[in-house]
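Trainee: Handing you a structure now.
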Amino acid sequence: MLAAREVGHEVVVATGAGVVPQVQRQGVEAWEVGPEVAGLAGGGTAAQRAAFFAASAARRSEDLVPLAARWGPDFVVSETSEVAGAVAAAVAGARHVVHGLGAMPGIGVWDAYAMHVDSLFARWGVSGTAESVRESVYLDVCPPALRSGGERIWGDTLDLRPTAVPEGGAPASVDDLPYRDTILVRPGSPGDGDAILAGLRGLPVNVVMHAEPGRYAAQPGHVLISPSLPIASVLPRCRAVVSPGGPGIALGALAYGLPQLVLSQETGTGGGPEDGAVTHAGAALTATALGTAAVERAVRQCVPRLLEDPTFAASAAWVQVEIAAMSTPDAVVRALTAEGVPALR
């Protein structure tokens, strides 16, 4: 988005109401489209998630498709599970690009989406199928070490270095913390936050937690709780990360060579396929943490291991090298527009 704008392309972001202000703060035009995605979005079976996203995409297409048709984009870039983006591209006669959010889902996940994709194309009366969507260029933000084997949904891929949107420098209060080592914490809930703080109690480390401070009791001087931390500026000051997982925090930590503890809320791996892959690559520990007692116990046992065993940091550093070798956003914009297309929208 920002890379395209910086080289002179016209950019509009179509998103939910809650994200519109964030986009506008970057000086980019935003369209409010469709419903907010919540509820089942992060749980359920693959078929249930596909049905949920398809239903929201059908509603979103009612706003998005007419706007895109009037605006006349050359490109439509949509996220992995955003079915409406492919339809908007087809109606507008634009080239469709799929932006990965983490590890590319397995082919079985796509099979669950296929019938919904076909249905939405038919609803708008345009040629296109789930198989034609698989021919779109896929921007792969997952470093090679975390990619799974087997059949891939998209075969035409461009590597894209995962990059956080600039949010300003770290607050001075981070640099004023007393200890040498700092742990970044992103709790899944206030209850988890209390348990994580309890698990870290007694360790000679600073704790920087991304949360609303009003939900927590007064903390000692080595603990900083803030709802507006510029994560990309804080991560270089950290030694490890504790979170429920997910591609944003997992790849963000690895971009700075940081090992991490993933507190999964279900059996198996963490919040997405990349979480299990990070653990498999030796850069993380994953603990099933159902309930505050389990969270506290996992933090107390695992964080010292991440700090004391150098193999975790070494594995994270290897993935960091892979991420640094991936194409920058501006290089990807140049590659996509190299065929003489006048604008990336």
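Trainee: Can you work out the FRET efficiency for the pair Glu6 and Arg297, with r the C-beta to C-beta distance and R0 = 56 Å, to the nearest 0.05?
Mentor: 0.75
Trainee: Under 5 Å between amide hydrogens, which residues at least 5 positions from Gly257 or on another chain qualify, with H placed 1.01 Å from N in the peptide plane?
Mentor: Those qualifying (amide H under 5 Å, at least 5 residues apart or on another chain) are Gln320.
Trainee: Using amide H atoms built 1.01 Å from N in the peptide plane, name the residues 5+ places from Ala14, or on other chains, whose amide H lies under 5 Å from its own.
Mentor: Amide H to amide H, under 5 Å and 5 or more residues apart or across chains, Ala14 pairs with Trp31.
Trainee: Now a separate question. Picking from Val278, Val299, Val23, which is most flexible by a Gaussian network model of the chain using Cα springs under 10 Å?
Mentor: Val23
Trainee: Keeping the other protein chains in place, figure out the carbon and sulfur percent of the accessible area of the chain, with a 1.4 Å probe. Write down the numbers at each step before the final one.
Mentor: Numbers: 8250 of 15610 Å².
Ligands and nucleic acids excluded, carbon and sulfur give 53 percent.
Trainee: Nearest 0.05, what FRET efficiency do Thr45 and Ala172 give at R0 = 41 Å with Cβ-Cβ as r?
Mentor: Numbers: r = 47 Å, r/R0 = 1.14.
Taking R0 as 41 Å, the efficiency between Thr45 and Ala172 is 0.30.
Trainee: Applying a 10 Å radius around every beta-carbon, put 74-81, 4-11 in order of their mean neighbour count, most first. Before the final figure, lay out each step's value.
Mentor: Working: 74-81: 20.5, 4-11: 15.5.
The peptides rank, most packed first, as 74-81, 4-11.
Trainee: Taking amide H atoms as placed 1.01 Å from N in the peptide plane, list the residues 5 or more away in sequence, or in a different chain, whose amide H sits under 5 Å from that of Val185.
Mentor: Close amide H contacts, sequence-distant or interchain: Val208, Met209, His210, Val242.
Trainee: Ignoring everything except DSSP H segments at least 4 long, calculate the 222 nm mean residue ellipticity for the chain; use -39,500 (n - 2.57) per segment, divide by total residues, nearest 500.
Mentor: -12500 deg cm²/dmol
Trainee: Sticking with this structure for a sec: With contacts defined as alpha carbon pairs under 8 Å and 6 or more residues apart, what's the relative contact order of the chain in percent? Walk me through the intermediate numbers first.
Mentor: Details: 648 pairs, mean separation 53.5, N = 345.
It rounds to 16 percent for the chain.
Trainee: For the range 43-135, report the accessible area per residue in Å² (1.4 Å probe, heavy atoms, rounded to an integer). Please list the in-between numbers first.
Mentor: Numbers: 3970 Å² over 93 residues.
I get 43 Å² per residue for this part.
Trainee: Roughly what would the spin-label model give for Asp156 and Thr311, points 7 Å off Cα along C-beta, in nm?
Mentor: Distance between label points: 4.3 nm.
Trainee: Moving on. Can you run phi through the Karplus equation (6.51, -1.76, 1.60; θ = phi - 60°) for the range 89-103 and list ³J(HN,Hα) in whole Hz, with x for Gly and Pro?
Mentor: 5, 5, 5, 7, x, 9, 7, 9, 10, 9, 9, x, 10, x, 5
Trainee: Which stretch or stretches of the range 138-159 have amide N atoms under 14 Å from the point lying 7 Å from Trp318's Cα along the Cα→Cβ direction?
Mentor: 144-147, by backbone N distance to the label point.
The values are calculated or read from the model by the stated rules, or taken from the named source; none is laboratory data. None of these values were measured; they are calculated from a predicted model. Heads up, the Cβs are rebuilt from the backbone with ideal geometry, glycines too, and the neighbour counts pull from every protein chain shown. Remember, those area values only see protein heavy atoms, side chains included, never the ligands or the DNA or RNA. Shrake-Rupley method; radii C 1.70, N 1.55, O 1.52, S 1.80 Å.
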